[in-house]
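The values are calculated or read from the model by the stated rules, or taken from the named source; none is laboratory data. What you see is a predicted model; the values in this text were computed from it and never measured. Glycine also receives a Cβ, built like all others from the backbone with ideal geometry; neighbour counts cover every protein chain displayed. SASA here: full protein model, heavy atoms, side chains in, ligands and nucleic acids out. Shrake-Rupley method; radii C 1.70, N 1.55, O 1.52, S 1.80 Å.
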Amino acid sequence: METLIHFLSIILYLIQGCFFYRSVCCAIRPLDSRPWKLLAWFLLSMTGSVRLFAGDPVNIIGMLGLFLATVFFLFRGQWFVKLGIVMIFYPIVAAFNFLHNSLGATIFFSFSDDMGIKNYLFSVLAQVFLILFWYLFHRFMGERLSRTCGMLDQRSWMLLTVICLASLTAVISLISFQLSSAVESVVYLCMVACIVTNFGTICLATRLADTILADMERRNLQLQKSYYEELDQNQQQIRKIRHDMNNHLSVIEGLLKKGDIQNALEYFEDLAGHVRTGTRRFCKDSIVNAVLNAKYTAAEDAAIDSFFHVDIDKILGIDAVSLCTILSNTLDNAIEACLKIPETEKRHLSLKARYTDNGYFSYEIVNSKRNEVKKKKDAFLTDKEDARSHGLGIVSVRDVVRRYDGTLDITYTEDEFRIVILIKAK
């Protein structure tokens, strides 16, 4: 009987570890290799089921070190994101497990002091509560964490880390010292407060991410609105020209009959210029197409020799907002660089974007330049007077590429600036 109960306990332990592992994976991606994923699952199962009691500093600090090592070596992502995830999760793990073990022991010994079969059965039953907790966490917080990690920058993550540091310090301090029975109820309230604080931190992070996303969507929708307004104007112009087409053809016919070929050609070229539309279909996605049209028109107005080759109709793994962030920021920077060249014939811009059959998004933009590139470490500095309001385009692009674990390569010469991006779509 004891063997069966022990086997059941192991099964429940692995199930709990599975939900805890999946909760962490909502925020950061594990390494692609299956053996590494299994190792991460096993180590996180140990972390999520750690037994913590008062006066046990070695266990709580040791498990914190194990959790840090697991996240930093077996998961992908930037260091500040990994640190933030540890700071969010570990106080919840430690506080809940402490309450689970302490209150569980109090409840058990209030009814029985049998350390045999009853103790085993009660332990198995108690594990069900751990499974239920992490199942509910994954169910209701997993999507929030996924959205958060996709939008926040390094400063936001460091802010969340500092907030959660208070919970971590409180939990470690309370567990590290032997507590008297007189303060147990106060300690329990503090542990609950730490859990609530970190849940609130997740909600705060989600709110920040939603605000950033809403701002990006507003800007992209504004571009889309401009695109459709331009499309409507072009359609009205075409309908007007079609209405007057017979008159135009009569004029051209009359000039040709008189043998005035030069004026006939000039009239025809002028008519063709009015018929020509400024809207183009670069891809199927309306928002992305609106961004490309707006930037292409801006480049034409700036007398920039532009070449756009876009083949991204089938892209699924990158959301439209992130894609527009890459396109709009890099194109804005390229157009601004070209405008600093006095000779219009030397203004060149080339954009190539493609989604391959094996799931890779590749992007290359090359523009001519005249201004000097200024760098500070890995950051590119703007040469505009208001530096605080500018120079953030490359930072935004870099954040998107990091979010999707892609690569960003920037090279430049005296006359040319090139950005190459490669992302494996999820």
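Quick notes
- Number of the condition not met by residue 189 [criteria: (1) part of a helix (DSSP H, G or I); (2) at pLDDT below 90; (3) over 27 Å from residue 26 (Cβ atoms)]: (2)
- Residue list for region 52-65, filter: under 27 Å from residue 31 (Cα atoms) and buried (at least 20 other Cβ atoms within 10 Å of the Cβ): 60, 63, 64
- Residue in region 81-92 that is among the aliphatic types (A, V, I, L, M), over 20 Å from residue 13 (Cα atoms) and open to solvent by 30 Å² or more (accessible area, probe 1.4 Å) present: yes
Condition check ((1) more than 24 Å from residue 399 (Cα to Cα); (2) hydroxyl-bearing (Ser, Thr, Tyr); (3) in contact with a Lys or Arg (Cβ under 7 Å, 6 or more places away or on another chain)) across all residues:
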residue	(1), (2), (3)
313	no, no, yes
319	no, no, no
325	no, yes, no
332	no, no, no
338	yes, no, yes
342	yes, no, no
345	yes, no, no
351	no, no, no
354	no, no, no
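- Scope region 32-80; condition over 21 Å from residue 92 (Cβ atoms) and in contact with a Lys or Arg (Cβ under 8 Å, 6 or more places away or on another chain); matching residues: 76, 78
Matching residues to (1) among the hydroxyl-bearing types (Ser, Thr, Tyr); (2) open to solvent by 60 Å² or more (accessible area, probe 1.4 Å); (3) at pLDDT below 75; (4) closer than 21 Å to residue 330 by Cβ:
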{"site": "272", "(1), (2), (3), (4)": "no, no, yes, no"}
{"site": "281", "(1), (2), (3), (4)": "no, yes, no, yes"}
{"site": "287", "(1), (2), (3), (4)": "no, no, yes, yes"}
{"site": "291", "(1), (2), (3), (4)": "no, no, no, yes"}
{"site": "294", "(1), (2), (3), (4)": "no, no, no, yes"}
{"site": "297", "(1), (2), (3), (4)": "yes, no, no, yes"}
{"site": "300", "(1), (2), (3), (4)": "no, yes, no, yes"}
{"site": "308", "(1), (2), (3), (4)": "no, no, no, yes"}
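- Residue satisfying condition, being open to solvent by 50 Å² or more (accessible area, probe 1.4 Å) and part of a helix (DSSP H, G or I), within set 168, 159, 145, 174: 159
- Which listed residue is over 21 Å from residue 126 (Cα atoms), in contact with a helix residue (DSSP H, G or I) (Cβ under 9 Å, 6 or more places away or on another chain) and open to solvent by 30 Å² or more (accessible area, probe 1.4 Å), from 38, 68: 68
- Within region 150-169, residues that are free of Cβ contacts under 8 Å to residues at least 60 places away in the same chain and over 17 Å from residue 89 (Cβ atoms) reach partners that are assigned to a helix (DSSP H, G or I) and of a type outside the set (Gly, Ala, Ser) with beta carbons closer than 8 Å, at six or more positions or on different chains, in the pairs 156/208.
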